[in-house]
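Right, one structure below, let's go through it.
Any read-out appearing in this document is the output of simple, stated calculations on the displayed coordinates, not a laboratory observation. From a predicted model like this one, the values you see are computed outputs, not experimental measurements. In this analysis, Cβ positions are derived from the backbone assuming ideal geometry, glycine residues included, and neighbour counts consider all displayed protein chains.
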Amino acid sequence: MEETKKQVNSIIENNNELVVNQEIKSNLLVFAKWGRFLGIICYISAVFMFAFGVLFIFAGSLGINWPGFGNGLAGLGMFYGVSMFILMAIYGIIYIFLGKYLLGSTKNTKLSIEQNDQEALVEGTNNLKKLFNLLGILTIIGLCIAVLYIIVMGIAIAFII
């Protein structure tokens, strides 16, 4: 095992190129299979999010008793339904982009392995980069919202006590 690493490192140093051996190809194919599955799940989840958003609008327009809104306050119910639709639509759009980048990456990665195509591998890793950039930005936004929530709740609790 150690000698194989030395040989690979020697080849890399001499050619100044990345060597994709059979084990790496096998790992990339496994990534492509699972990535395709997860990308499809992202699209399906987006459809459910949009469907539930529309359901919230209809439920709100019917004046259904939402928790905390009292009974028969159809105006607030409609506001709640539209608010939930907007929230679900935003989540659905995010999931569409996640699925798009993931499926694009897996398609091109699989193509690159099957046809030994360097350009397809570059495009696959480019889509993977976009996926992780989006996930990183969403994580930062989520952490900022969590910190803001903690600050607001701390101030609210300070006024209550």
Inter-site label distance for VAL152 and ALA51 at 7 Å from Cα along Cβ, in nm = 3.1 nm
request  = Mind giving me the nanometre distance, one decimal, between the label points for VAL20 and ILE86, set 7 Å out from Cα along Cα→Cβ?
outcome  = 4.5 nm
query = Which of the peptides 151-158, 37-44 is most tightly packed, and how do the rest follow, going by the mean number of other Cβ atoms within 10 Å of each residue?
reply = 37-44, 151-158
ask   = Label points 7 Å out from Cα along the Cβ direction at THR139 and ASN126: separation in nm?
value = 2.4 nm
